[in-house]
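Asks: Okay, here's the structure, questions in a sec.
The values are calculated or read from the model by the stated rules, or taken from the named source; none is laboratory data. Just so it is clear, the model here is predicted, and its values are computed rather than measured. Here the Cβ is made from the backbone with ideal geometry for all residues, glycine too, and neighbour counts use every protein chain on show. Only protein heavy atoms, including side chains, enter the accessible area calculation; ligands, DNA and RNA are left aside. Shrake-Rupley method; radii C 1.70, N 1.55, O 1.52, S 1.80 Å.
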Amino acid sequence: MTDFIREGRLFRVIGYNPSHRQLFLSSDALPEQRTTTRIEVYVGHVRLMLLKPYYRNGLHIRRASAEEFAVLKDRHELEASDAEYTWMLEPDGGDSFIVGGQPSWREAEYELMGDREALYDSSLPWPPDFPVESGTVG
C-alpha cells in the first residue's frame, strides 16, 4: 500500500464541492518552510469527512487500520464495505478522516507553474507543459 506523506508542510483545506462531492487540500511553497513546490490533494466521491482546516506539520494519508475503522464504524454508523474507502489524514490516526474515493495528489515547482493557479483545474490540459509528480494513495 502506498501512503501519501509530506512532513513539515502547512496543508489547508482549500475547497469542497458538495454537488460533485470533491475535496481539495493544498500546500503552497513557503520560504519560511524552505519549500519550493505546490502540492494538491484531491478526494472524490466523499461521503463523510471530519477535517481540520489546517494541518501545520504536514499530512500522512493512509487507509484506516482495522482497529481505527472499527471505532469509526461504530461512531458514525458506517457500513463494513466502507473500510476500503476510509482514509486517515494523520500519522497517529488523530481525528481526521475521509470516507471517499482513492485520494490522488500532484506536486510541481511553484515557479514553473506560471499563471496556473491550481494543479487540479479541469479547464486546463493535463499533463501540463512543466514537470509534475503525481500519484494515488492505496
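Asks: Go over the candidates V46, V132 one by one and state the one that is over 19 Å from Y16 (Cα atoms), among the β-branched types (V, I, T), at pLDDT 95 or above and crowded, with 17+ Cβ neighbours inside 10 Å. If you could, list the steps in order and put the result at the bottom.
Replies: Working: V46 fails: over 19 Å from Y16 (Cα atoms).
So the residue among V46, V132 that is over 19 Å from Y16 (Cα atoms), among the β-branched types (V, I, T), at pLDDT 95 or above and crowded, with 17+ Cβ neighbours inside 10 Å is V132.
Asks: OK, next. What residue, of A70, A80, is open to solvent by less than 50 Å² (accessible area, probe 1.4 Å) and either of a type in the set (G, A, S) or within 21 Å of D121 (Cβ to Cβ) (or both)? Working first, answer last.
Replies: Numbers: A80 fails: open to solvent by less than 50 Å² (accessible area, probe 1.4 Å).
Within the list A70, A80, the selection yields A70.
Asks: In region 20-48, what residues are of a type in the set (D, E, K, R) and over 25 Å from E111 (Cα atoms)? Let's see the steps before the verdict.
Replies: As a first pass, look at region 20-48 and keep what is of a type in the set (D, E, K, R): 21, 28, 32, 34, 38, 40, 47.
Residues satisfying the conditions are R21, R47.
Asks: N57 passes all but one of (1) farther than 22 Å from N17 by Cα; (2) touching a residue at least 60 places away in the same chain (Cβ under 8 Å); which number fails?
Replies: Status for N57: all satisfied but (2).
Asks: Mind checking which residues of region 1-43 are small (G, A, S), surrounded by 15 or more Cβ atoms within 10 Å (Cβ to Cβ) and farther than 22 Å from P131 by Cα?
Replies: So the first thing to find is which residues in region 1-43 are small (G, A, S), and the list is 8, 15, 19, 26-27, 29.
Keeping just the survivors that are surrounded by 15 or more Cβ atoms within 10 Å (Cβ to Cβ) gives 26-27, 29.
None - no residue of region 1-43 is small (G, A, S), surrounded by 15 or more Cβ atoms within 10 Å (Cβ to Cβ) and farther than 22 Å from P131 by Cα, so the list stays empty.
Asks: So if I check each of R56, R63, which one is modelled with pLDDT of 95 or more, of a type in the set (K, R), open to solvent by 10 Å² or more (accessible area, probe 1.4 Å) and within 26 Å of G8 (Cα to Cα)? Quick ask: steps written out before the conclusion?
Replies: Working: R56 fails: modelled with pLDDT of 95 or more.
Checking each option against the conditions leaves just R63.
Asks: Restricting attention to region 99-129, and to residues there that are farther than 30 Å from E84 by Cα and of a type in the set (G, A, S), which single residue is most open to solvent (accessible area, probe 1.4 Å)?
Replies: Step one: of region 99-129, the residues farther than 30 Å from E84 by Cα are 109-117, 123-125, 128-129.
Filter once more, so that each one left must be of a type in the set (G, A, S): 114, 123.
Numbers: G114: 61, S123: 92 Å².
Residue satisfying both the conditions and the ranking: S123.
Asks: Next question, about the same structure. Return yes or no: is Q22 out of contact with any strand residue (DSSP E or B) (no Cβ under 6 Å at 6 or more places or on another chain) and on the phi < 0 side of the Ramachandran plot? It would help to see each step written out before you state the result.
Replies: Details: out of contact with any strand residue (DSSP E or B) (no Cβ under 6 Å at 6 or more places or on another chain): yes; on the phi < 0 side of the Ramachandran plot: yes.
Here the answer is yes, as Q22 does meet what is asked.
Asks: Between residues in region 17-43 that are closer than 18 Å to G114 by Cβ and aliphatic (A, V, I, L, M) and residues that are open to solvent by 40 Å² or more (accessible area, probe 1.4 Å) and in a strand (DSSP E or B), which pairs lie under 7 Å by C-beta distance while being six or more apart or on different chains?
Replies: Pairs found: I39/R6.
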